[in-house]
Amino acid sequence: MNSIRATVSKILTYSIVDGPGNRLVIFLQGCNFDCAACHNPHTIGECTHCGDCIPACHADALSLVDGRIAFDPLACDQCDDCLEVCPIDANPMVREYNVGEILALAREHRPFLTGVTVSGGEPTRQLRFVTTLFEAIKSDEALEGLDCFIDSNGNLGASGWESVLPVTDGVMLDIKSFDDALHRELTGKGNLKSLQSARLLHDAGKLYELRYLLVPGKTDHDAELEGLIQFVRGLGGDVRVRLNAFQHHGVRPNAREWQPMSKAGVGRAAARLRAAGIRNVVEPAVYV
Amino acid sequence: MQDTLRKLRSIANDATLNPAQKARYLSLEAENLLPYPSLDAETRQALDERVICDMYEGHAPYKPRYVLPDYRVVLQEGSEYLELPVPATLDEAINTLMIAYHHVPSVTGMPVYIGQLDELLLPFCADVSDDELYEKIRLFWRYLDRTLPDAFMHANIGPTDNRVARAILRVDAELKQIAPNLTLLYDPQASGEEILAMAGNNIAECCKPHIANHAVHAQAFDERGYGIVSCYNVLPLAGGASTLTRVNLKEVARRAGSEDEFFAATLPHFLELNFRLTQARIDYLFDESGFFDSFLVTEGWIDKDRFTAMFGVFAMAEAVNILQDKEGREGRYGFDEGANALGHRISAAIADAVRDRPLDKVWRGRALLHSQAGLSDDSDATPGVRIPYGTEPDPVSHVRALAPHHQYYDAGISEILTVDESVTNNPEALVQLCKGAFANGFREFTVNVASNDLVRVTGYMVRLSDIRRFNDRQGSRTNTTVLGAEAADRTGILDRKPRVVGNELYPGYGQ
């Protein structure tokens with residue numbers, strides 16, 4: 001179990017926005033989409049140990065050891081300058097964790113936790129780790145009652161889902177666009193797999209939340225919202241739809257040219273969904 | 001005398017005070033013309049230098065600081081003194097309480113405890129429908145806020161899940177009033193998940209109620225029970241606290257040459273002086289003031305022997321950081337394990353001293369330790385053992401840093417956990433945080449939801465919209481919604497006395 005390791009960008013022991021209740025969130029490094037609107041772009045790439053970040057680190061927390069980046073978390077003062085200079089949107093501060101280390105953290109914080117969420121990056125790229133972790137949580141007496149969630153872009157095939165769903169309680173799935181061409185423009189990939197994943201997860205009763213990012217002038221127009229409505233109707237039953245609002249926080253320079261999404265704009269989209277019979281629409285509580 | 005007259009005149013002519021507020025401040029000034037209860041020179045000097053503090057309770061303690069009547073007495077037996085018959089209906093019961101509250105003194109002149117309301121009212125609810133109950137509670141709540149406008153007035157509900165508690169939670173979330181303050185006593189065995197979930201929704205809505213760890217509190221008191229009043233003070237029911245004195249740990253630490261000296265000499269010295277101050281004030285109340293001849297005693301609402309002495313401490317954060325500096329250590333309170341452990345050691349030392357020091361005319365012969373949550377004029381002194389505002393870590397780290405203190409503070413301790421408003425989409429998280437806090441030994445769970453209109457400053461509620469309205473009138477600091485770091489500024493703003501205030505925070509005019 002502990003031979004399986006994951007590359008982890010960050011771990012939070014307190015999160016109220018990554019699924020129900022308070023959650024332990026493991027952000028896995030690396031993503032198979034390259035979204036312009038990503039607000040954590042440093043989780044996309046994987047470090048090639050080029051060393052370009054070393055001179056940017058004023059705290060001398062980074063060095064090359066045997067050709068690989070070595071990171072000293074005690075020296076780091078979290079200025080994030082290394083992320084700025086990374087040419088491939090990777091993160092030299094990543095750490096490798098094995099399943100046992102995550103379990104220990106979960107046990108330490110157990111009374112505060114409703115569950116565990118793997119996020120990213122795209123966590124399903126490290127699916128074996130996720131499956132092993134969730135299996136271990138489910139069979140650990142001290143962690144009884146914790147639920148296991150995945151926050152995913154849906155770019156995973158059916159066999160992948162089949163391997164992890166037996167130990168997964170819910171998935172939060174992002175659909176970036178219902179138009180394949182626009183989806184390619186926004187993410188670099190088509191939307192077919194994501195749409196199929198949403199259907200599969202819904203049919204399996206594991207689609208906790210369908211998420212949709214509203215970007216003014218790109219994903220908030222009539223055809224897109226109509227696409228969202230038709231898709232949710234097609235799923236049938238009660239689907240929780242979370243509308244997210246594009247903001248500038250954390251995004252790369254290109255996307256800073258885009259308009260941020262206003263609360264009123266989200267409100268209009270939410271009203272339209274509700275008028276179309278989608279009852280469970282969640283709007284952001286905070287716009288930052 | 002000229003200065004005194006000038007001050008009295010300025011109170012009488014202060015256009016920002018209403019007549020009742022003026023009367024209160026005038027009476028305080030008159031009381032303070034009397035000589036102080038007799039103190040030895042050392043104690044007097046420590047009080048003058050505010051290393052120890054009497055909360056400006058006044059020179060002639062003629063009433064206990066906090067009175068927690070057992071309102072069951074008047075509801076079950078009526079009152080001869082107040083000429084009240086035994087109530088038979090819910091209307092009569094609520095009316096009896098409404099009258100009773102006006103005869104319960106406290107340091108502010110307003111009742112700080114209005115009872116374990118669900119337990120008090122349930123016997124009258126058998127023939128009352130849920131709709132009627134809701135409507136009667138709604139009017140009762142409006143009455144309380146409008147006639148007893150003190151944010152320290154405190155209602156208790158729980159630990160059982162019952163109709164009255166639910167009606168109160170529903171009304172409280174709808175009205176979003178500052179008064180009364182509200183605590184749900186929670187016990188996983190007795191309360192169940194549903195009322196805790198309701199409380200979580202209410203906190204997301206209006207930052208109330210506080211949730212009290214009933215099992216832990218019940219153990220510290222006796223069968224007659226306890227109540228939670230004012231700013232999270234936990235006191236014997238049918239009694240209360242004669243006085244609250246407090247030690248400024250920052251000032252104590254400043255006077256110590258080293259950590260060793262602090263523990264061996266400086267801290268014990270000032271704790272002893274605070275005990276003396278406490279005893280002098282209690283002696284006056286019991287032996288001189290005649291308070292306990294009241295009908296409250298003769299009719300059994302309160303028992304003279306059930307009044308404790310609250311022994312408060314504050315500015316733990318500054319004390320620890322000063323001692324860290326003196327020892328050449330970098331770690332800061334709230335963030336460094338060593339600094340946190342030093343804080344826990346200070347709490348343990350104080351708890352030992354309180355346990356070992358007999359006091360006369362005090363419930364069980366010993367004071368009860370209290371983490372004191374501040375006065376409006378405290379500057380650079382963080383309330384109780386809290387982490388300074390605006391620098392707190394996330395709520396989970398926050399709880400873990402402070403939880404080891406909680407075992408020592410029987411008379412109440414509270415931390416204010418700030419949670420961003422995303423939680424309004426996920427109140428379940430509040431419930432989980434509460435469970436985690438209690439599992440770690442927290443006695444009390446209190447949350448500020450950032451951006452909520454009702455927020456806490458040092459422990460009482462203020463309405464942000466009131467402050468904004470005030471700011472707009474002044475044309476300064478408009479649109480301020482930032483939390484935490486500006487809490488001190490806010491209390492300053494409130495010197496203009498909105499209608500509903502926390503009277504305890506302003507113990508005298510100009511303070």
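Observations
- Residue within segment A:11-26 that is more than 14 Å from chain B (Cβ to nearest Cβ), touching a Leu at 6+ places or on another chain (Cβ under 9 Å) and not hydroxyl-bearing (Ser, Thr, Tyr) present: yes
- Within segment B:80-101, tally of residues that are part of a loop (DSSP other than H, G, I, E, B), without any contact (Cβ under 8 Å) to a residue 40 or more places away in the chain and out of contact with any Gly (no Cβ under 9 Å at 6 or more places or on another chain): 3
- Yes/no for residue A:32 being over 24 Å from residue A:182 (Cβ atoms), surrounded by 17 or more Cβ atoms within 10 Å (Cβ to Cβ) and either in contact with a Phe, Trp or Tyr (Cβ under 7 Å, 6 or more places away or on another chain) or more than 14 Å from chain B (Cβ to nearest Cβ) (or both): no
- The set of residues from segment A:82-100 being in a helix (DSSP H, G or I) and of a type outside the set (Val, Ile, Thr) comprises A:82, A:83, A:84, A:100.
- Set B:43, B:96, B:4, B:16: member being touching a strand residue (DSSP E or B) at 6+ places or on another chain (Cβ under 8 Å) and outside the structural domain of residue B:121 (by TED's automatic domain parsing): B:43
- Condition check for residue A:205: surrounded by fewer than 19 Cβ atoms within 10 Å (Cβ to Cβ), within 14 Å of another protein chain (Cβ to nearest Cβ) and at pLDDT 95 or above: no
- Hey, residue A:156 not assigned by TED's automatic domain parsing to the domain that holds residue A:199 and not β-branched (Val, Ile, Thr) or not: no
- Pick from segment A:111-132, criterion within 14 Å of chain B (Cβ to nearest Cβ) and in contact (Cβ under 8 Å) with a residue 40 or more places away in the chain, ranking: nearest to the chain's Cα centre (by Cα): A:117
- Scanning segment B:27-50 for residues that are under 27 Å from the mean Cα position of the chain (by Cα), in a helix (DSSP H, G or I) and touching a residue at least 40 places away in the same chain (Cβ under 8 Å) gives B:28, B:29, B:43, B:46, B:47.
- Among the residues of segment A:269-288, those that are closer than 25 Å to residue A:38 by Cβ and without any contact (Cβ under 8 Å) to a residue 60 or more places away in the chain comprise A:269, A:270, A:273, A:281, A:283, A:284, A:285, A:286, A:287, A:288.
- So residue A:223, is it in contact with a strand residue (DSSP E or B) (Cβ under 8 Å, 6 or more places away or on another chain) and either of a type in the set (Gly, Ala, Ser) or modelled with pLDDT under 95 (or both): no
- Taken together, the residues in segment A:261-279 that are more than 13 Å from residue A:229 (Cβ to Cβ) and either in contact with a strand residue (DSSP E or B) (Cβ under 7 Å, 6 or more places away or on another chain) or basic (Lys, Arg) (or both) amount to 5.
- Any pair with Cβ under 8 angstrom, 6 or more apart, that starts in segment A:184-208 at a residue that is in contact (Cβ under 8 Å) with a residue 60 or more places away in the chain and ends at one that is surrounded by 14 or more Cβ atoms within 10 Å (Cβ to Cβ) and in a helix (DSSP H, G or I): A:189/A:183
- Yes/no for residue A:232 being assigned to a helix (DSSP H, G or I), crowded, with 19+ Cβ neighbours inside 10 Å, within 14 Å of another protein chain (Cβ to nearest Cβ) and not charged (D, E, K, R): no
Yes or no, residue by residue, for (1) surrounded by 24 or more Cβ atoms within 10 Å (Cβ to Cβ); (2) within 21 Å of residue A:207 (Cβ to Cβ); (3) among the small types (Gly, Ala, Ser):
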| position | (1), (2), (3) |
| --- | --- |
| A:117 | yes, yes, no |
| A:120 | yes, yes, yes |
| A:124 | yes, yes, no |
| A:130 | yes, yes, no |
| A:139 | no, no, yes |
| A:142 | no, no, yes |
| A:145 | no, no, yes |
| A:149 | yes, yes, no |
| A:153 | yes, yes, no |
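- Criterion (away from chain B (no Cβ under 14 Å) and either surrounded by 24 or more Cβ atoms within 10 Å (Cβ to Cβ) or of a type outside the set (Lys, Arg) (or both)) met by exactly one of A:108, A:135: A:135
- As a summary of the residue check, residue B:323 satisfies the conditions (1) assigned to a strand (DSSP E or B); (2) within 17 Å of residue B:270 (Cα to Cα) except for the one numbered (1).
- Failed item in (1) more than 14 Å from every other protein chain (Cβ to nearest Cβ); (2) crowded, with 19+ Cβ neighbours inside 10 Å; (3) at pLDDT below 95, with residue A:238 passing the rest: (2)
- Among the conditions (1) of a type outside the set (Asp, Glu); (2) part of a loop (DSSP other than H, G, I, E, B); (3) surrounded by 16 or more Cβ atoms within 10 Å (Cβ to Cβ); (4) more than 14 Å from chain B (Cβ to nearest Cβ), residue A:103 misses just one, which is (2).
- Verdict on residue B:352 being at pLDDT 95 or above and more than 14 Å from every other protein chain (Cβ to nearest Cβ): yes
- Scanning segment A:248-288 for residues being within 14 Å of another protein chain (Cβ to nearest Cβ) and either modelled with pLDDT of 90 or more or at positive phi (or both) gives a total of 8.
- Matching option when the condition is assigned to a loop (DSSP other than H, G, I, E, B), surrounded by 17 or more Cβ atoms within 10 Å (Cβ to Cβ) and either at negative phi or not charged (D, E, K, R) (or both), among A:47, A:79: A:47
- Of all residues in segment A:18-35, none are without any contact (Cβ under 8 Å) to a residue 60 or more places away in the chain, assigned to a loop (DSSP other than H, G, I, E, B) and either assigned by TED's automatic domain parsing to the domain that holds residue A:258 or farther than 30 Å from residue B:450 by Cβ (or both).
- Tallying residues that are assigned to a strand (DSSP E or B) and either touching a Pro at 6+ places or on another chain (Cβ under 9 Å) or not assigned by TED's automatic domain parsing to the domain that holds residue A:36 (or both) within segment A:170-220 yields 2.
The rows are residues; the columns are (1) without any contact (Cβ under 8 Å) to a residue 24 or more places away in the chain; (2) surrounded by 24 or more Cβ atoms within 10 Å (Cβ to Cβ); (3) in contact with a Leu (Cβ under 7 Å, 6 or more places away or on another chain).
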site	(1), (2), (3)
B:201	no, no, no
B:223	yes, no, no
B:231	no, yes, no
B:268	no, no, no
B:284	no, no, no
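- Against the list (1) surrounded by fewer than 16 Cβ atoms within 10 Å (Cβ to Cβ); (2) touching a Gly at 6+ places or on another chain (Cβ under 6 Å), the condition residue B:28 fails is (1).
The values are calculated or read from the model by the stated rules, or taken from the named source; none is laboratory data. Keep in mind the model is a prediction, meaning the values are calculated, not measured. So basically every Cβ, Gly included, is an ideal-geometry build from the backbone, and we count neighbours across all protein chains shown.
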